[in-house]
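Asker: Just dropping this structure here.
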Amino acid sequence: MLKFDITSEYKNGFARTGIIHTPHGDIRTPAFVGAATRATVKALTMQEMRDLGSQAILANTYHLLLAPGTDLIKEAGGLAEFSSWHGPTFTDSGGFQIFSLPDVKITMNGAKFKSHINGDKFEMTPESSMQAQWAIGADIHMAFDHLAKSENHKDMEIAMRRTHDWLDRCVAEHHRLAKIHGCDMPFEGPPERGSARMSGARPWRRAERTQPEKGILSHEQYLYAVVQGGTFNDLRAESAKYCASKDVDGFGIGGVFTADGMDEMLKTVNAILPKEKPRHLLGMGQEPIDLFVGAEFGCDTFDCVGPTRMARNGSLYTNDGRINIKNAKFIHDFSPVMPECDCECCKNYTKAYLHHLFKTDEITAKVLASIHNERFVVHIVDEIRESLQNDSFENYKETFLNRYYNN
Ligand SMILES: [Zn+2]
């Protein structure tokens, strides 16, 4: 079972701080998890991610299945080794991307789809998603769920029931794979950085065991069930109850698209989910308010591609709201994007310089902007964690949101 220590509980009965102990290190929660869709955070190196204070990354099973293929990642020693991240890792199940494809066919067995790269046909089932995630070797996996987006109660109920059926199959397959790979044995700790590459040895092996099934990693891996149900609180409650009854290590909360109504939904769900297991809010965190509401109502980790995607378009966070650095008003602005920010971009460069890099389409523009935006969201969640610990959350939330949204 994934070890999660709750270090403080907030007076509203939902928010908490804690530490998730993964085989690749600890995550102090609440925490913002960097979106490393294809085993890279776009425009950033893993060293830059470490330098800006990121604690964990989340990669996407669908994208890694298509390229470079899960066998190659296995061969490299898993996601953390392959990407040189060497820290805690998550994978999502691939469901979100697959159900966004134009010609996906959904059956009780799974989802049939064509690769967006070369048109190759694939079928993803709960079992194959688990096998792919075990091969990728992230510390924390998400169960394969049917992500639907509809305002129709019946449609959402059908998708939720399918998600529950698939969850049972994910749990069975996860435990089968865990048993095969000896994950009932004590974890010996990660190898020294670079040691695997230096010696040519495969990392994460256990000395006392016979060789694990070819290519599949033998370090402990953990499964989160995913709560669905859309905007319907009765379905969310039913889904939370179902997920809570399963032998899983934590929970993802999926299918949330806006902060509207998110507080009520999270209150419903997190009042049902067992307190002692961690919860991840999937795909939310582009808007700072998502992070405040998520943490306030009991979510421990968040991931979102929004901050780096916006950065690549020149949209940068500041404490006074977002700015578009491509705007002509920054041509002669020799101040940093945000004077209070401690990131590499703000410490060394001016808005005028960044504006010039964007206007001339220099690669460095995207790098610096991504460093800043990712640092901004990581920092907010760090501040939320601290404010929960020293009982100043309400004050921090009000001050931050008033300034951010009223300028
Ligand atoms: Zn900055």
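Asker: Explain nothing, just the number: relative contact order of the range 315-405, from Cα pairs under 8 Å at least 6 residues apart, as a whole percent. All intermediate terms of the calculation are to be shown ahead of the outcome.
Answerer: Details: 96 pairs, mean separation 26.9, N = 91.
Relative CO of the range 315-405 lands at 30 percent.
Asker: Pairs of lysine in the range 315-405 with Cα under 14 Å and at least 8 positions apart or on different chains: total?
Answerer: On the way: LYS326/LYS351; LYS326/LYS359; LYS326/LYS366; LYS329/LYS351; LYS329/LYS359; LYS351/LYS359; LYS351/LYS366.
Close lysine pairs under the 14 Å cut-off: 7.
Asker: Here's a follow-up. Under the rule of -39500 (n - 2.57) per DSSP H run of 4 or more residues, summed and divided by the residues of the chain, what mean residue ellipticity at 222 nm is obtained, to the nearest 500 deg cm²/dmol?
Answerer: It comes out at -12000 deg cm²/dmol, rounded to the nearest 500.
Asker: Between PHE257 and ASN395, what FRET efficiency follows from the Cβ-Cβ distance if R0 is 25 Å, with the result rounded to 0.05?
Answerer: On the way: r = 29 Å, r/R0 = 1.16.
For PHE257 and ASN395, the calculated efficiency is 0.30.
Asker: Return one number: the angle in degrees, 0 to 90 and rounded to the nearest 10, between the long axis of the Cα atoms of helix 262-272 and the longest principal axis of the Cα atoms of the chain.
Answerer: For helix 262-272, the angle is close to 30 degrees.
Asker: Here is a follow-up. Where does helix 233-244 land angle-wise versus the long Cα axis of the chain, in degrees 0 to 90, nearest 10?
Answerer: 50 degrees
Asker: Please identify the cysteines of the chain that lack any partner cysteine with a Cβ under 4.7 Å from their own Cβ.
Answerer: By the Cβ distance rule, which asks for a partner under 4.7 Å, the isolated cysteines are CYS170, CYS183, CYS243, CYS299, CYS304, CYS343, CYS345.
Asker: Just in the range 262-308: which trypsin sites (Lys or Arg not before Pro) are loop by DSSP and have at most 12 other Cβ atoms within 10 Å?
Answerer: Of the trypsin sites (Lys or Arg not before Pro), not one in the loops of the range 262-308 has a Cβ with at most 12 other Cβ atoms within 10 Å.
Asker: OK, next. Over the chain, what is the relative contact order in percent, taking alpha-carbon pairs closer than 8 angstrom and at least six residues apart?
Answerer: 17 percent
Asker: Test of understanding: what is the full-extension gain from ASN118 to LYS105, defined as 0.36 nm times their sequence separation minus their Cα-Cα distance?
Answerer: 2.9 nm is the gain from fully extending ASN118 to LYS105.
Asker: Residue by residue, what Karplus-based ³J(HN,Hα) values in Hz, rounded to whole numbers, does the range 47-63 have, using 6.51, -1.76 and 1.60 with θ = phi - 60° and x for Gly and Pro?
Answerer: For the range 47-63, the Karplus curve yields 5, 4, 4, 5, 5, 8, x, 5, 9, 7, 10, 10, 9, 10, 5, 4, 5 Hz.
Asker: May I pose another question? Across the chain, where is the longest run that never hits GluC sites (Glu not before Pro) in a DSSP loop with at most 15 other C-beta atoms within 10 Å?
Answerer: With a cap of 15 other Cβ atoms within 10 Å, the longest stretch comes to 1-150.
Asker: Sequence neighbours fewer than 8 away in the same chain don't count; with that in mind, list the lysines whose C-alpha is under 19 Å from LYS112.
Answerer: Qualifying lysines at Cα under 19 Å: LYS121, LYS149.
Asker: Over the chain, what is the percentage of antiparallel beta bridges among all DSSP beta bridges, to the nearest 5? Show your work: numbers first, answer last.
Answerer: Numbers: 19 of 43 bridges.
In the chain, approximately 45 percent of DSSP beta bridges are antiparallel ones.
Asker: Let me ask you something else. How far is helix 153-180 tilted off the main Cα axis of the chain, in degrees rounded to 10, range 0 to 90?
Answerer: With rounding to tens, the tilt is 70 degrees.
Asker: When only DSSP loop residues count, what chymotrypsin sites (Phe, Trp or Tyr not before Pro) in the range 311-407 have their Cβ near at most 12 other Cβ atoms within 10 Å?
Answerer: PHE334
Asker: Next up: Taking the Cα centre of each part, how many Å lie between the range 99-169 and the range 288-328?
Answerer: Between the Cα centres of the range 99-169 and the range 288-328 lies a distance of 28 Å.
Asker: Any chance you could get the radius of gyration and Dmax over the Cα atoms of the chain, in Å?
Answerer: Taking only Cα atoms of the chain, I get Rg and Dmax of 21.1, 65 Å.
Asker: Another question about this same structure. Can you pull out the trypsin sites (Lys or Arg not before Pro) in the range 310-400 that DSSP calls coil and that have at most 10 other Cβ atoms within 10 Å? Each step should come with its number before you reach the end.
Answerer: Values: sites: ARG312, ARG322, LYS326, LYS329, LYS347, LYS351, LYS359, LYS366, ARG375, ARG385, LYS397; in loops: ARG322, LYS326.
Qualifying residues, ordered by number: none.
Asker: What would the Debye formula give as log10 I(q)/I(0) at q = 0.10 Å⁻¹ for the alpha-carbon point model of the range 315-405, no solvent?
Answerer: Scattering profile of the range 315-405, log10 relative to I(0): -0.29.
Asker: Measure off 7 Å from each Cα along the Cα-to-Cβ vector at GLU344 and HIS153, then give the distance between these two points in nanometres to one decimal.
Answerer: In this crude spin-label approximation the distance works out to 5.3 nm.
Values quoted throughout were computed directly from the atomic coordinates according to the rules given, and no laboratory measurement underlies them. Everything numeric here is computed off the predicted structure, so don't read it as measured data. Methodologically, a virtual Cβ is constructed for each residue, glycine included, from the backbone with ideal geometry; neighbour enumeration extends over all protein chains shown.
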